[in-house]
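Novice: So that we are looking at the same thing, I have put the structure below in structure tokens.
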Amino acid sequence: MRILVWNIQFFTARRIGVPVGLAPDMTAYLQESTRQSMSYIVSTVQQADPDVFVVLEARATQNLQVGTLGKGGGPAGLRNLLQYLRMLDPNWCLVPPLVVNPKVLLAAGGTYTETVGVFWRNDRVNFTGPYVWPANSATGPAIAPGTGAGGPYPAPWNTAVPPGNEAAAKCKFFGKNDGSEITFTSPEERRPYLTTFKERGNTQRVVHLFSVHPRPTGDVKTATLRLGDVMQELQIPGTDEVVVFAGDFNLNVLDPTGPAKDVVEGMKGFKVGPIPFAQNGYRSIYNARADATPGEYRAKQLLDWAMVCYGPGAVPAQIPLLAVIDRVRGLNPGAPFPAFTPHMLQDLDTIQMQRASIDFAIRALDFVSFTTSTPHGLQVNDEVQVAGVADTSFNGSFIVDSLLSGHSFLVPQAKPQAHSTGGMVTSRNLVYRLFRYVSNFGHIGPPAHGIGTSDHLPIFFIV
């Protein structure tokens, strides 16, 4: 089974759609931003061609009961995304999203709940639970099989699943000895989100998929290790069964001395990686926009990964790799993975070489005006490097004093009056702005008032 997991930061309908009531100029700007956001998400799914696609960190309204249907911007955005995925293939379906925590204390000034979007290709795998939707219920919570009558989902979620499918996800787990809930690690934390699928075709294995996202400021190591307790409680994997823990663990698996090492060693029977990009120092998480620089991009950090455990008869002929989908550089991690095109048709090396050709250079009254053939993209106080001008006295490093137009700027230089042609102007500040704001590498689309960003890269693997 091919699985794609992506933590899309604060995912709501506004990530992929324009809110109403905005000024016309702002609406046009956000339309372009959200169009690119949706295009980036859908094209990544199209190229990965997964059987199951998971979106973590979908926001829902606050004070909802764990295990009930989510409401608000996150669930609405998941429904919108489903419509776009069905344009690719009508077999895409969505597990009606259940609330995974009573509240999240991550954002200043308010609380909210979260849910998880699990999309699946119904022609490839069958969503089987492990829970069922209770009959005649508009909100839930979902129930265990045999504890009550199952029934169809309410609108609009009844159209997200195939007709007659009453299966539901599970996000609360209890110990067999005392019946108390297994927390991760406090009642406010996000629960693991369990969905089960049965493969169609020759293998027909059962895959237990836990979508994981522990709170970064909590006891992440203990929370992750408690996934093993859940496995024992459910007595999985059985014959022809696979257990997968995947998502944003908030533990750096590339740190050989960190808590992730203890977690991986403690999960007996699980396989983690190998990860093709690990040796290159790439990461699965990006800094916030203010810190998203080329240097930070190359930091060695990998918080998003997966652990897989095979039951008897379920082990594939070749244990596949896990890969971080890097659409910045457009690298192909190798078979059996697809090659992903670079985001915005540019890569990191290209963006660092952004520069403008100089048409004219004129020096007078201790200032030089440079006119470029393409928009220079500079700001006042930017540091620029000028090289290759025919009159070499114009070459050097300068601080931009003022902007005359989008193609012309002024820098101080106390030298005799002169004029010349040719050359190039580059700017470190321009490079960083392009990286952080214009093409917004590592994020989904250009940032626009908090819309269209993701703080993580997707991971892709085959079990």
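Read the figures in this text as sums done on the coordinates, not as results from a lab. Please read all numbers here as calculations on a predicted model, not as lab measurements. With ideal geometry, Cβ positions are generated from the backbone for all residues, glycine too; neighbour counts draw on all protein chains shown.
Novice: Give me D for the range 42-190 in µm² s⁻¹, whole number, from Stokes-Einstein with Rh from the Kirkwood sum over alpha-carbon pairs, 37 °C and 0.692 mPa s.
Specialist: The Stokes-Einstein estimate is 205 µm²/s.
Novice: With a 10 Å radius around each residue's Cβ, average the other Cβ atoms per peptide and rank 355-363, 169-177, highest first.
Specialist: Final packing ranking: 355-363, 169-177.
Novice: How large is the Kirkwood hydrodynamic radius of the range 350-428, counting all unique pairs of alpha carbons, in Å?
Specialist: Final number for the Kirkwood radius of the range 350-428 is 12.1 Å.
Novice: If the cut-off is a Cα-Cα distance under 20 Å, which aspartates and glutamates reach Lys300, setting aside same-chain residues fewer than 8 apart in sequence?
Specialist: Lys300 reaches Asp248, Asp255, Asp262, Asp291, Asp326, Asp347, Asp349, Asp455.
Novice: A follow-up question, please. Quick one: grab the alpha carbon gyration tensor of the range 65-134, order the square roots of its eigenvalues as a ≥ b ≥ c, and give me rounded if a/c is under 1.5, else prolate or oblate depending on whether a/b is larger than b/c.
Specialist: oblate
Novice: Within 10 Å, count the other beta carbons around each residue, average over each peptide in 413-422, 243-252, 120-129, and list them highest first.
Specialist: 243-252, 120-129, 413-422
Novice: What pairs in Lys176/Lys271; Lys172/Lys261; Lys71/Lys172; Lys170/Lys271 have C-alpha atoms more than 22 Å from each other?
Specialist: Result: Lys176/Lys271; Lys172/Lys261; Lys170/Lys271 exceed 22 Å.
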